[in-house]
Amino acid sequence: MTETVTVRVQRYRPEEDTAPWEQSFEVPYSEDLSILDALNQIKDQQDPTLSHRWSCRMAICGSCGVMVNNEPKLSCKTFLRDYREQAAVTVRALDNFPIERDLVSDISGFIDHLETVQPWLIRSEEQPVSAGAYPQTPEQMQRYAAFSQCINCGLCYAACPQFGRDPAFLGPGALALAQRYNLDSRDEGAAQRMQWLNAGEGVWSCTFVGYCSEVCPKDVDPAAAINRGKVASDINYAVNLLNILRGKDDA
Amino acid sequence: MDVRQADIVIVGGGGAGLRAAIAAAEANPQLDILLLSKVYPMRSHTVAAEGGCAGVIQPHDSLDAHFDDTVSGGDWLCDQDVVDYFVRHATEENLRLEHWGCPWSRKPDGSINVRAFGGMKIERTWFAADKSGFHILHTLFQTSLKYPSIRRCDEYFCTDLLLEGGACAGIQAIDMRTGSHTLIAASAVILATGGAARVYRYNTNGGIVTGDGMALAYRQGVPLRDMEFVQYHPTGLPGSGILITEAARGEGGVLTNRDGYRYLQDYGLGPETPLGEPKNKHMELGPRDRLSQAFWHEAQAGRALATSRGEAVNLDLRHLGEARINERLPFIRDLARTYVNVDAVHEPIPVRPTAHYTMGGIQTDRYTATALSGLFAAGECASVGLHGANRLGSNSLAELSVFGRVAGEQAAARASQGPSVDPQRLLARAQDNAAVWEALRESTGNERLATIRDEMARAMEDGAGIFRLPGQMRQTCTKVAELKDRYSDLGLVDRSRAFNTEWLNAIELGYLLDVAEAMAHAALARQESRGSHQRPEDFPQRDDAQFLKHSLVYRAADAPRLDWQDVVITRSQPAERHYGAAGQQENKS
């Protein structure tokens with residue numbers, strides 16, 4: 001007989017359900033089976049009404065974030081084999097986001113935050129392409145490399161207690177993205193982005209729990225990015241204060 | 001029905017769609033540009049490209065050399081005026097991405113680094129470690145945010161193109177969150193929906209890569225071109241098909257069979273190159289079609305490895321050492337560890353060919369215009385004439401920028417001439433279309449979605465795979481026709497509207513079946529072997545007298561109608577393709 005694993009999946013269909021509920025499925029076990037494979041098996045063979053997001057199957061598109069036994073995970077990079085000791089695997093939509101349907105979260109607030117921090121290269125003077133590449137040594141690239149690895153999966157938002165309390169908090173992903181550009185030797189936009197980092201919804205809202213970095217599937221370490229942001233924000237504050245004392249109010 | 005208006009609608013938010021949006025916004029900031037996609041743009045499958053993006057940059061390289069490699073790599077089925085334009089603009093587009101922040105890997109002095117790639121005689125592949133597509137896509141997405149005239153419809157699923165007076169005048173889509181229908185009138189529509197390798201069972205593609213744009217155009221009478229040419233990437237993970245980049249071989253990885261023998265030397269790609277000294281256009285750096293075909297022969301001869309995930313050969317990176325693997329191929333190490341439990345530093349990675357890329361697509365001219373006025377196409381969904389019968393690795397990422405920009409500029413020029421048609425004039429047609437989709441959502445037939453999808457994927461592998469045998473090809477054509485018939489008797493279970501993925505998957509399956517039909521019939525009609533299209537039993541040779549032509553597939557009532565189009569030859573007359581020692585001999589002469 002084929003060994004099976006019990007997978008409990010959160011269901012919520014806004015047109016018929018008043019609240020989320022849980023449905024249990026038995027999924028044939030195999031060593032290679034990811035949570036995503038299990039969800040697709042359920043959808044194909046057991047209940048086609050289950051909805052979940054997925055695409056690349058290789059942990060780079062960022063679509064398939066869910067809570068697996070209460071932890072934020074990419075379903076394509078999480079395997080049933082790691083839960084064999086447990087009675088069941090429970091899958092639900094990412095914490096801290098409204099649910100659209102079943103395992104599909106409404107992540108539009110997070111996307112808005114990404115857009116807020118002006119995540120593009122800002123130069124006071126654009127060079128023409130004919131002038132060639134802006135030089136950047138491997139060491140200079142190393143300063144922001146980790147923060148450029150973010151796949152926008154939203155796991156860090158599901159892990160962030162502050163975002164859970166206040167959805168206006170820009171959150172780990174967006175703040176890490178701001179730092180990705182601030183630390184890029186080609187960028188000159190840090191001063192412009194400071195308004196977002198400094199604001200009430202910026203770095204100072206972070207209570208430094210650090211869970212965001214723990215759950216990140218790409219080792220972006222958003223907690224470190226936010227901490228660097230605090231240092232930058234502090235310096236910015238000090239410079240501003242000094243300039244005000246010197247009578248320069250345009251600082 | 002939600003009714004809207006825009007100047008330009010772009011369907012698809014991957015590399016080509018984003019680049020087109022930015023180009024259109026820069027060409028005319030007054031235009032209202034709507035970027036519509038069934039996923040958030042950064043989920044688009046451009047994200048999964050690993051190895052790199054071509055563009056001549058080294059002093060000893062030349063545009064002519066890039067041109068020659070592309071044309072011979074494509075087995076002379078490339079339109080040479082298009083290749084010419086492409087090689088002249090690839091580098092400036094790579095530089096533009098750099099100016100927008102793309103973290104291309106650098107040399108110690110801070111200048112751009114390039115790596116070797118299959119079929120390229122000089123290193124010209126720009127890379128961002130082994131996540132080149134990921135960095136290109138995120139750079140383009142983030143850069144697009146600074147243009148206020150680019151608005152987005154994220155998670156809108158395009159269901160139809162809308163025509164008025166013989167021209168494309170807009171599109172309609174389902175808002176996935178609510179399941180409601182939206183009509184968008186526009187002066188110009190750009191399709192940038194990517195490829196269709198999901199018609200195959202084992203493929204490197206994401207679940208979203210379902211040929212949507214190809215089918216949307218095909219259904220309006222626009223021909224699909226060169227659909228028989230499907231690239232099998234020689235190195236995917238067995239079982240899942242997950243991509244292991246060609247850069248692994250560009251950096252020096254070697255392929256061995258079950259006896260530990262570097263078998264490529266037996267397939268016209270030798271002599272064997274010393275370990276750690278990869279040589280352009282030799283052995284592991286031969287073109288993808290040749291390498292995938294060599295695997296097939298090895299497996300037939302019983303020299304593949306039997307693994308729990310099926311037959312494979314070994315991709316051995318161990319001699320590169322941990323430091324270089326971590327620097328150049330960190331994602332590959334991670335993927336192998338996660339999905340086949342192999343640490344590439346200590347063990348070879350099992351790999352096998354897997355369906356990867358559609359060389360063909362919606363026929364366009366060199367300015368990305370389709371046969372339907374007002375409709376443009378760019379990227380993998382299009383056949384602009386660049387790749388011929390076999391694409392060279394790293395040409396497709398560059399294609400996204402080069403021809404995405406052209407599409408954006410062309411669409412902007414058209415849209416600048418005048419406003420779109422009054423959307424009210426499209427409303428009746430859109431309501432009729434919506435009724436069809438509503439009927440599908442409520443369908444009560446006897447056929448299951450997953451069954452038809454799986455049977456299609458198996459049939460395509462059998463009759464339109466690496467080698468194509470006459471009996472199997474005909475069976476596949478018959479099977480696809482049967483499946484299309486059964487598709488009309490589909491029964492769906494989910495009657496809801498909000499994020500109803502069963503419904504959307506059913507529409508996607510309809511797209512896939514149209515694309516499969518075009519591929520299978522084009523393959524049967526091309527009675528020769530060229531590039532990725534190999535018929536070893538009945539037509540083993542290339543036949544320039546009859547088939548130095550693009551195939552065109554038109555949708556028709558029963559079976560599709562085939563036609564042929566001349567290839568544009570400017571300065572490179574068809575010759576034999578030589579790699580390894582034979583190629584070197586040729587270069588000397």
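Can you pull out every residue in region A:41-56 that is assigned to a loop (DSSP other than H, G, I, E, B) and more than 7 Å from every other protein chain (Cβ to nearest Cβ)?
Passing the criteria: A:D47, A:L50, A:H52, A:R53.
Exactly one residue out of A:E115, A:E125 is without any contact (Cβ under 8 Å) to a residue 60 or more places away in the chain, of a type in the set (D, E, K, R) and assigned to a loop (DSSP other than H, G, I, E, B): that is A:E125. Looking across region A:97-106 at every residue that is crowded, with 22+ Cβ neighbours inside 10 Å and in a loop (DSSP other than H, G, I, E, B), the one that is nearest to the other protein chains (Cβ to nearest Cβ) is identified as A:D102. Residues that are touching a strand residue (DSSP E or B) at 6+ places or on another chain (Cβ under 9 Å) and in a helix (DSSP H, G or I) within region B:547-588 comprise just one, B:F547. Among the residues of region A:135-168, those that are surrounded by 24 or more Cβ atoms within 10 Å (Cβ to Cβ) and under 17 Å from A:G200 (Cα atoms) comprise A:C160, A:F163. For region B:299-327, a tally of residues being within 12 Å of chain A (Cβ to nearest Cβ) and within 19 Å of A:K218 (Cα to Cα) returns 1. The number of residues in region B:508-539 that are of a type outside the set (D, E, K, R) and within 14 Å of chain A (Cβ to nearest Cβ) comes to 1.
Here B:R366 clears all of (1) part of a helix (DSSP H, G or I); (2) surrounded by fewer than 24 Cβ atoms within 10 Å (Cβ to Cβ) except the condition numbered (1).
Here B:R453, B:R448, B:R497 are screened, and the one residue that is out of contact with any strand residue (DSSP E or B) (no Cβ under 8 Å at 6 or more places or on another chain), of a type in the set (D, E, K, R), at negative phi and within 14 Å of another protein chain (Cβ to nearest Cβ) is B:R453.
Per the conditions (1) in a helix (DSSP H, G or I); (2) more than 30 Å from B:F295 (Cβ to Cβ); (3) of a type outside the set (A, V, I, L, M); (4) touching a strand residue (DSSP E or B) at 6+ places or on another chain (Cβ under 9 Å), the sole criterion not satisfied by B:F376 is (1).
In region A:65-92, the qualifying residues are those that are in contact (Cβ under 8 Å) with a residue 60 or more places away in the chain, more than 8 Å from every other protein chain (Cβ to nearest Cβ) and over 16 Å from A:F25 (Cα atoms), and the one that is surrounded by the fewest Cβ atoms within 10 Å (Cβ to Cβ) is A:E71. Residues that are charged (D, E, K, R) and within 15 Å of the chain's Cα centre (by Cα) were ranked within region B:186-230; the one that is surrounded by the most Cβ atoms within 10 Å (Cβ to Cβ) is B:D226. Of all residues in region B:142-173, none satisfies the criterion of being acidic (D, E) and in contact with a Leu (Cβ under 6 Å, 6 or more places away or on another chain).
A quick yes/no check of all residues on (1) touching a residue at least 60 places away in the same chain (Cβ under 8 Å); (2) away from chain B (no Cβ under 14 Å):
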position	(1), (2)
A:A176	no, no
A:R180	yes, no
A:L183	no, no
A:G202	no, yes
A:T207	no, yes
A:S213	no, yes
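Of all positions in region A:150-171, at least one carries a residue that is small (G, A, S), part of a loop (DSSP other than H, G, I, E, B) and either touching a strand residue (DSSP E or B) at 6+ places or on another chain (Cβ under 8 Å) or at the interface with chain B (Cβ under 9 Å from one of its Cβ atoms) (or both).
Can A:R92 be described as at pLDDT below 95 and not assigned by TED's automatic domain parsing to the domain that holds A:D219? Criteria not met by A:R92.
Go through the residues of region B:331-354 one by one and say whether even a single one is within 26 Å of B:C78 (Cβ to Cβ) and of a type outside the set (F, W, Y). Yes, the conditions are met somewhere in region B:331-354.
The values are calculated or read from the model by the stated rules, or taken from the named source; none is laboratory data. Note that the structure is a prediction, hence the values are computed from the model and not measured. No Cβ is skipped: glycine too gets one built from the backbone with ideal geometry, and neighbour counts run over all protein chains shown.
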